[in-house]
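The values are calculated or read from the model by the stated rules, or taken from the named source; none is laboratory data. What you see is a predicted model; the values in this text were computed from it and never measured. Neighbour counts are summed over all protein chains in view; Cβ atoms, including those assigned to glycine, are modelled from backbone coordinates with ideal geometry.
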Amino acid sequence: MTRTRPSILLLLAVLGGGAGWFMETALVASGRPTFIPPITLAAALALIGVIVVLLALPVYRVVRGTAKTRVDPFYATRAVVLAKASSLTGTLLGGAALAVTIFLLTRSVIPPVGSVALAVATTVAGVVLLAGGLIAEKMCTLPPSDDDPNILPASQDHV
């Protein structure tokens, strides 16, 4: 499995932001109230971000060589897949929540402070989920081995 690329994260943030902005615009244009993310969404996203890092901790200990027991390879695979999914989901939801925040702040009618605070909290929680996913993904990667044919010697690394 390859590492999560920043270009994919940027694309998902833009897509999430576009979807969030479109949803808010469509709701207002149809005469409905805007969507305000609940505080439970922000709490759940932040909690999942922390849990993902905690789930990657046994794999990290084995990779570093500080664990006395081996980790189940299926567990390690699940941990890294969950980490990647968390980083992608955190980016998408964080972008959508940021679009909701910007949408609320750019309206001519001043929204209630609680609405903006909930949107900002969801944006921050999306970033926490993104960071937790990226940290857990880094914790689950093996260091390159000395006999890897794809790694050039230090004298030839510029070729």
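Worth a mention:
- The set of residues in the range 28-54 that are modelled with pLDDT under 95 and in a helix (DSSP H, G or I) comprises V28, A29.
- Within the range 103-159, restricting attention to residues that are modelled with pLDDT under 95 and among the β-branched types (V, I, T), the residue that is farthest from L55 (Cα to Cα) is V109.
- Complete set of residues in the range 29-48 that are surrounded by 14 or more Cβ atoms within 10 Å (Cβ to Cβ) and β-branched (V, I, T): T34, I36, I39, I48
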